[in-house]
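The values are calculated or read from the model by the stated rules, or taken from the named source; none is laboratory data. Because the structure is predicted, anything quoted here is derived from the model rather than measured. Cβ: placed from backbone, ideal geometry, glycine included. Neighbour counts: every protein chain shown.
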2 protein chains.
Amino acid sequence: MYREAIKVLDCTIRDGGLINNHYFTDEFVRAVYVALSEAGIDYMEMGYRSSRQYAPPANYGDWKYCDDDKIRRIIDGVESKVKLSIMVDAHRVLEQEFAPVDQSPIDMIRIATYVKDVDKAITLTQKCHDLGYETTVNIMAVSTENEFDLITALDQLAETPAETIYVVDSYGYYFCEQVEYIVKLYQKHLPNKRIGMHCHNNQQLAYANTIEGIRHDCNLVDASLYGIGRGAGNCPLELIIGFLKNPKFDIEPILKVIQDYMIPMAKEMEWGYTIPYAITGILNQHPRSAIAVRATPEKDKYVEFYNKIIDHLD
Amino acid sequence: MYREAIKVLDCTIRDGGLINNHYFTDEFVRAVYVALSEAGIDYMEMGYRSSRQYAPPANYGDWKYCDDDKIRRIIDGVESKVKLSIMVDAHRVLEQEFAPVDQSPIDMIRIATYVKDVDKAITLTQKCHDLGYETTVNIMAVSTENEFDLITALDQLAETPAETIYVVDSYGYYFCEQVEYIVKLYQKHLPNKRIGMHCHNNQQLAYANTIEGIRHDCNLVDASLYGIGRGAGNCPLELIIGFLKNPKFDIEPILKVIQDYMIPMAKEMEWGYTIPYAITGILNQHPRSAIAVRATPEKDKYVEFYNKIIDHLD
């Protein structure tokens, strides 16, 4: 598949940070930045911009805050065309401070929101846009939203300056026909927006659904090194680069950073397909119960877990 | 997705046996049989029927031969509607002995072949059919076949008594558009046959491609417990059962046998997605080089492996 408009965003540090409270080392973040630069990836997401008032620094690493100065120290001296993004939770805080884009290393601000918080997201989008940033609005857990409410939100977002509106399958629920359906719904209500795609791998469909999005003209897609990300993780960057035939991409630096960093890391931190994530995915449920059980000695008691979830739904 | 005609075949013992030279214990094979029976799975494949002359018993476990008596001892006393199948390699042997179907516990014989050996497969199919078995012909590595040759083979197979002709993506190369293409090609040349789908998970697409086959009217699909199978493994049975809404299926016995047997087994035997399998999948290559490297201390030297494969293709 070659379409020049397709851009790839690596969310290794941001979505991966949800596993370790954003405590990645500077060495690792820089190694990822270097690899993505060499591989020709379009965007790298560094983490969240959270307010320290609501997210106390005693509990989180640097990538929960993504201070401009911190990012500058990481990227210093690396030749790169990679644009940098950070994510902001619309439903958590409105008070984040952003420098004007020409005083910041950041190019794009992605605003994560649920449909019910879309008005906060719109306010933040306008603020970030006015400071000169590219903006996206990422509608999380869209597989659980009431469609009337979703359409209302999409119609509002159509009027904002956000360049991209994202389908976010937070629960890893969708299969490809559902991706086609939701992308076409977005396109109908967002005629002048780029559509983004962010998938989770609960049912081993993150890569397949990302391709499905691309087939239906999504032009900003998320992926991560070796699929790292919360719970079952994301679409593996190495696979999407194997699929996209744009000669600007080079898979070798991706393979190298995976062998040097991700494989050792996978021995210390868990992400990727396991049965509890499959169960919450199949049932269109938040993965929090699966994440919780995987941290206990009961982590492989699947029948017990399944029955608990089913009972809870009754 | 509910369509009564869709039948599911579990290939845990057969494709999984390619990892351990078919040395599964009787206890495990029986536990799988019991679980599949309780779960309402349509077929269970027990292994290969190989001739001892070509495959000496010093090198292989019982599931390389699948003697009728052996199978009888495994299933004895279990109430079950599961039909049993075995696989035969058309390109390896023609001399296998089969009892008439009413003297055997086996219901279906699946004949695996490359296009170049299709005439041997047809001879075997006729032989098995005449003995009363259901028969399928499974065209392996179809992603590498010359299309003219493939069409010639399909046209020949259209005239055989085989009920089902399989698309076998042995290399884990296909993505969904390619599945649609090949299934439609089969359907055009096999107007009266059921089409089967057997996928490998090199690019984490085995489940997605199986769904894609189902969407295009494939009605016999392969899967395995926790995706066990050669190299990157197969479509996970637990996911396909989560997808198919036929009330005859029950996921709980599947979850139980996975927690009791597959999770401990996964600590001893390797299967599933790793980068070398992704590389051979992306490049449409036989996984043998990836299987070989995974058994060495160099198993995570991905850049080296990638360059070796690329150089070899030049």
Considering the range B:167-189, residues that are of a type in the set (Phe, Trp, Tyr) and not in a loop (DSSP other than H, G, I, E, B), and then whichever is nearest to the other protein chains (Cβ to nearest Cβ), we arrive at B:Tyr181
B:Ser224, sole failed condition from (1) in contact with a Cys (Cβ under 8 Å, 6 or more places away or on another chain); (2) of a type in the set (Ser, Thr, Tyr); (3) more than 24 Å from A:His200 (Cβ to Cβ):
(3)
Give the residues of the range A:253-277 that are within 18 Å of B:Gln204 (Cβ to Cβ), more than 11 Å from chain B (Cβ to nearest Cβ) and either surrounded by fewer than 24 Cβ atoms within 10 Å (Cβ to Cβ) or of a type in the set (D, E, K, R) (or both), sorted by residue number.
A:Glu270
Subset of the range B:155-177 (residues that are more than 25 Å from A:Arg215 (Cβ to Cβ) and either in contact (Cβ under 8 Å) with a residue 40 or more places away in the chain or crowded, with 22+ Cβ neighbours inside 10 Å (or both))
B:Ala162, B:Thr164, B:Ile165, B:Tyr166
For the range A:240-259 the number of residues that are free of Cβ contacts under 8 Å to residues at least 40 places away in the same chain and either among the β-branched types (Val, Ile, Thr) or in a helix (DSSP H, G or I) (or both) is 4
Condition first: more than 11 Å from every other protein chain (Cβ to nearest Cβ), out of contact with any Lys or Arg (no Cβ under 8 Å at 6 or more places or on another chain) and within 22 Å of A:Val8 (Cα to Cα). Can you find one or more residues in the range A:278-294 that meet it?
no
Please go through the range B:190-219 and pick out each residue that is of a type in the set (A, V, I, L, M, F, W, C), under 22 Å from B:Thr280 (Cα atoms) and within 14 Å of another protein chain (Cβ to nearest Cβ).
B:Cys199, B:Leu205, B:Ala206, B:Ala208
Positions within the range A:220-239 being facing chain B (nearest Cβ under 10 Å), assigned to a helix (DSSP H, G or I) and of a type outside the set (Phe, Trp, Tyr), in sequence order
A:Gly227, A:Glu238, A:Leu239
Which of the residues spanning the range A:240-252 are more than 9 Å from chain B (Cβ to nearest Cβ), of a type outside the set (Lys, Arg) and more than 19 Å from A:Gln204 (Cβ to Cβ)?
A:Leu244, A:Asn246, A:Pro247, A:Phe249, A:Asp250
Return the pairs, sorted by first residue and then second, in which the second residue is outside any loop (DSSP other than H, G, I, E, B) and surrounded by fewer than 19 Cβ atoms within 10 Å (Cβ to Cβ), the first residue lies in the range B:133-148 and is in the same structural domain as B:His189 (by TED's automatic domain parsing) and among the β-branched types (Val, Ile, Thr), the beta carbons are less than 6 Å apart, and the residues are 6+ apart or on different chains.
B:Thr135/B:His129
